[in-house]
Amino acid sequence: MQFLPLLFLMGSPEDSNAGIINLVFLGAIFLVFYFFIIRPQSKRQKEIKEKVEEMKKGDKLVTSSGIIGILNSIDDDSVLVEVDSGVKIRMLKSAITDVNPNKQDK
């Protein structure tokens, strides 16, 4: 318990640069979050959106639930995906997380 009072005694109240230093530190933290977390995630979402808009019949899809299949047909907001021979699933375009064009299962 003796450590806590020492923390309060370390800073001097007449130091006028302390507020500016704190603001600079908070700004630096925001920049780190932006460049390492926010910006890469928004770029990834933009790439996925472009891939979903450009997909065509025969492309291999991966969904957010982990289903892998081959695109059979495209509607306005949904797609028909063949997950096995003769087994087709209709799902929303928003569930697609990756599109690999022209990659077929063997």
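Rule-based calculations on the coordinates, nothing more; no lab input. All values reported here derive from a predicted model rather than from experimental measurement.
Tabulated data
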item: Relative contact order of the stretch 16-100, defined on C-alpha pairs under 8 angstrom at six or more residues apart (%); result: 24
item: Rounded D (µm²/s) - the stretch 16-100, Kirkwood Rh over Cα pairs, Stokes-Einstein at 37 °C, 0.692 mPa s; result: 214
